[in-house]
Amino acid sequence: MEKYTILTITGSDSTGGSGVQADIKTISALGGYALSAITSITVQNTLGIQQFYDVPGTIVSGQIEAIINDIKLDVIKVGMIRNNSTLQAVVEAIVKYGPKYVVYDPIVYSSLGEKLMTTEVIESIRQKLLPLCSLIIIRKKDFDVVVGDNKEANVYFLDDNGMHGMANTFSSAVSLYLSKGFSIEDSISKAKNYVNQQQVITSDLKGRSSELYNDFLDYIEQYHTSNSDVAFYADCLNVSSRYLAQVCKKIADKSPKTIIDDFLIDKICAKLKTSTDTIQQVAYEFGFLSQAHFAKFFRKMKGESPSDYRKNI
């Protein structure tokens, strides 16, 4: 059986839903063989991208050259390009080796709306890469940003439904069908059919943020009188403090510390309203080391002293 080889030049998505991982899955599923050159490594999960490591341009160039020197291919698919050194490596390779087709899927924004390229890089892409592309697969909302008034560009507008990795899947499928000898128009048609089938049988990867958020609240209920440290609760949940912060931001639009403090002050206020305990007794009950520390926290949260609050009830 003949193997149809595609070189995908793009970033890595550790969730597997986009990037080189999605390209490899799609190309393999359609009977092709995916070769790759990684441009960026992302630190991400279902809540978004936290960090990038952009692979040096010389390494990107080395990856491309090692593949093309050794393996004959007709199609290069280009995805995430975040800096000019990577762009230069890609452009030089295309000019030097002259593949029959270059399919470009501009990765301007993540599925969560994070901007992934600077204006400077986008301008360089317009001038240097777009003229070399056989097909540019782009969302309508990104057209003016990337293509602008480049009238020579062969553009296909992707009907983006917001599904993470949809553009990767579609552009990889187009690239695979081009390598099989289909025209650009037929490749687009076949890729559309493939993507529609995939949307029926698959769904986006779902994280455990809702479950974890509820567990976080349960732990606060359990430990609020003894601990108000975010790291403590992250350890209880066996996650990083950064991930806990992402979860709280997504679900409550608050930081974990704010949620802890809000919960604590509500419990304290209820105690002051219903109990005859002294302020000092209340302070010690809720884990404060001194009445002064308690009063400082209370004033910060409520704008008055515990004593004044109790008087004004």
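The values are calculated or read from the model by the stated rules, or taken from the named source; none is laboratory data. Quick caveat: nothing in here was measured; it's all calculated off a predicted structure. We place every Cβ from the backbone using ideal geometry, glycine too, and count neighbours over all the protein chains shown. Side chains included, ligands, DNA and RNA excluded: accessible areas come from the protein's heavy atoms. Shrake-Rupley method; radii C 1.70, N 1.55, O 1.52, S 1.80 Å.
Some points to look at:
- Residue-averaged 222 nm ellipticity for the chain, from DSSP H runs of 4+ at -39500 (n - 2.57), nearest 500: -16500 deg cm²/dmol
- Unit charges on C-beta of K, R, D, E only; dipole of the range 236-280, Debye: 180 debye
- The range 243-313: C-alpha gyration tensor shape, a/c 1.5 cut-off, then a/b vs b/c: prolate
- Each of the peptides 283-293, 186-196 was scored by the mean count of other Cβ atoms within 10 Å over its residues; in descending order, highest first, they stand as 186-196, 283-293.
- Signed unit charges on C-beta, dipole axis of the chain, positive-most listed residue I125, Y109, N312: N312
- Take each peptide in 79-89, 268-278, count the other Cβ atoms within 10 Å of every residue, and average; sorted highest first, the result is 79-89, 268-278.
- Between helix 256-274 and the chain: long-axis angle, C-alpha atoms, 0 to 90°, nearest 10: 20 degrees
- Residue-level accessible surface for R139, protein heavy atoms, 1.4 Å, Å²: 40 Å²
- Net dipole in debye of the range 1-123 [+1 Lys, Arg Cβ; -1 Asp, Glu Cβ; about Cα centre; nearest 20]: 220 debye
- Answer label, with Kirkwood radius over Cα pairs in Å calculated from the coordinates and candidates [x] 22.7; [y] 20.7; [z] 21.6: [x]
- The chain - share of DSSP beta bridges that are antiparallel (%, nearest 5): 25 percent
- Mean separation of Cα contacts under 8 Å (6+ apart) over length of the chain, as relative contact order %: 13 percent
- When each of K257/K300; K100/K190; K25/K77; K3/K77; K250/K273; K273/K296 is checked by Cα-Cα distance, pairs over 21 Å: K250/K273
- The listed peptides 47-53, 57-63, ordered by packing as a protection proxy, come out as 57-63, 47-53 (highest mean of other Cβ atoms within 10 Å first).
- About its Cα centre, the dipole of the chain is roughly 380 debye, where the only charges are +1 on Lys and Arg Cβ and -1 on Asp and Glu Cβ.
- Å² of accessible area per residue within the chain, as computed with a 1.4 Å probe and no ligands counted: 50 Å²
- Solvent-accessible area, 1.4 Å probe, carbon plus sulfur percent, for the chain: 49 percent
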